[in-house]
1. Under a 1.4 angstrom probe, counting protein chains only, how are Ile173, Ile180 ranked by accessible area, largest first?
2. Relative contact order for the chain: what percent, with Cα pairs under 8 Å and sequence separation of 6 or more?
3. Just His281, His32, His351 to compare: in a GNM of the chain, with alpha carbon springs under 10 Å, which one fluctuates most?
4. Distance cut-off 20 Å, Cα to Cα: go down the list Lys236/Lys277; Lys21/Lys236; Lys80/Lys124; Lys280/Lys306; Lys22/Lys167; Lys22/Lys94 and report the pairs above it.
5. Please build a GNM for the chain, connecting alpha carbons under 10 Å apart, and tell me which residue among Val320, Val250, Val144 fluctuates the most.
6. Take every Cα pair under 8 Å in region 116-192 that's 6+ residues apart, average their separations, divide by the length, and report that relative contact order as a whole percent.
7. Quote the convex hull volume per residue of region 131-275, based on C-alpha atoms, as a whole number of Å³.
8. Kirkwood Rh over alpha-carbon pairs of region 76-168, then Stokes-Einstein at 20 °C and 1.002 mPa s: what D in µm² s⁻¹, rounded to an integer?
Amino acid sequence: MVPFQALLAYGVAVDAVCPGKKAGDLCRTSIHQFSGHQTYTESRGHNFTLNATFDEVETGTYDGLVIPGGRAPEYLAMDKSVLSLVKKFADSQKPIASICHGQLILAAADSVKGRRCTAYPALKPVLIAAGAHWVEPETWASCVADGNLITGATYEGHPEFINLFIKALGGSITGSAKRILFICGDFMEDYEVMVPFQSFQALECHVDAVCPNKGAGDKCATAVHDFEGDQTYSEKPGHDFTLTADFGAVDASSYDALVIPGGRAPEYLALNESVIKLVKHFMESGKPVASICHGQQILAAAGVLKGKKCTAYPAVKLNVVLSGASWLEPEPIDRCFTDGNLVTGAAWPGHPQFISQLMALLGIDVSF
């Protein structure tokens with residue numbers, strides 16, 4: 001999801017396809033992370049909605065290819081139609097960006113021979129056997145660029161992975177080097193912190209994440225919120241998100257913008273006076289503030305919405321209206337709005353608009 005929504009936010013047209021499925025169908029995702037065992041654990045992630053049909057893909061109409069990791073590459077690497085598609089991109093020398101286990105597909109498509117390549121370390125034997133020049137990942141965020149081929153070790157490397165892909169597509173970034181602060185808490189929504197966080201890192205911004213009573217290097221648990229046929233969203237455990245700075249040492253004046261993710265964290269963060277003070281600083285100083293989903297519970301508690309036009313997850317409408325804001329119906333659910341220095345969105349499907357509208361306030365642009 002991070003590369004997909006980040007590229008959309010930057011103004012790139014992006015299609016996601018899967019063999020045997022069509023536009024509107026779902027692909028299940030998984031949560032992979034290290035939890036103290038000899039290998040990573042796996043749990044269910046979000047449901048990802050495809051927006052194009054595999055059998056209708058014409059490679060000539062696309063400028064690049066992205067191959068995500070996970071367990072899907074194990075069987076996609078045995079699909080002749082997938083390998084044919086990858087070979088067409090490789091033969092045309094168009095940019096290909098593959099991460100984690102995605103390089104299994106590259107190996108099966110005979111697209112790594114003689115190329116410098118990294119991946120999740122377990123893929124080292126098969127990539128060497130396929131003729132690649134293996135590059136040991138120094139960290140989980142390591143990426144390697146070799147001509148039109150970009151490879152990454154794990155999702156921790158998304159910022160560099162996306163940045164390299166943008167540049168391989170001929171893109172350039174202007175107005176970067178901004179400093180952006182995220183207010184985090186346990187059980188914030190997984191996508192709603194990770195997608196904007198890594199998207200702005202990919203734009204070469206300095207991005208910090210803080211949480212009351214936690215410090216740099218500490219983790220916040222996240223939640224996966226999805227609609228799966230019940231009357232409200234379901235919740236599953238998400239990735240553990242690593243904080244980058246100490247909440248108590250934050251100098252708000254040194255940041256150019258504030259981002260407030262949604263999920264369940266805002267319910268209790270809205271009761272924290274230090275959080276409220278931080279939010280008031282950004283709003284009163286006119287700096288850009290971007291809040292999504294349940295994050296607007298914090299804005300309402302801070303008393304900074306009066307006279308503002310604002311949307312949110314529909315269940316937060318009462319908070320927004322009682323705080324004196326003019327409610328904007330999120331129709332469709334991915335619609336976001338900007339009112340002065342404030343960007344608001346209803347849910348994580350709106351990330352492309354959410355990120356692009358904050359980019360506009362910060363003067364950041366990606367051009368091709």
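1. On the way: Ile173 30, Ile180 0 Å².
Sorted descending by solvent-accessible area, the residues read Ile173, Ile180.
2. Values: 817 pairs, mean separation 48.3, N = 368.
Relative contact order comes out at 13 percent.
3. His281
4. Check vs 20 Å cut-off fails for Lys236/Lys277; Lys21/Lys236; Lys80/Lys124; Lys22/Lys167; Lys22/Lys94.
5. Among Val320, Val250, Val144, the largest mean-square fluctuation in the Gaussian network model of the chain belongs to Val250.
6. Answer for region 116-192 is 23 percent.
7. Residue-normalised Cα hull volume stands at 151 Å³.
8. Estimated via Stokes-Einstein, D reaches 168 µm²/s.
The values are calculated or read from the model by the stated rules, or taken from the named source; none is laboratory data. The model shown is predicted, which means the values in this text are computed figures rather than measured ones. Note that we place each Cβ from the backbone using ideal geometry, even for glycine, and neighbour counts take in every protein chain shown. Heavy atoms of the whole protein, side chains included, go into the accessibility calculation; ligands, DNA and RNA do not. Shrake-Rupley method; radii C 1.70, N 1.55, O 1.52, S 1.80 Å.
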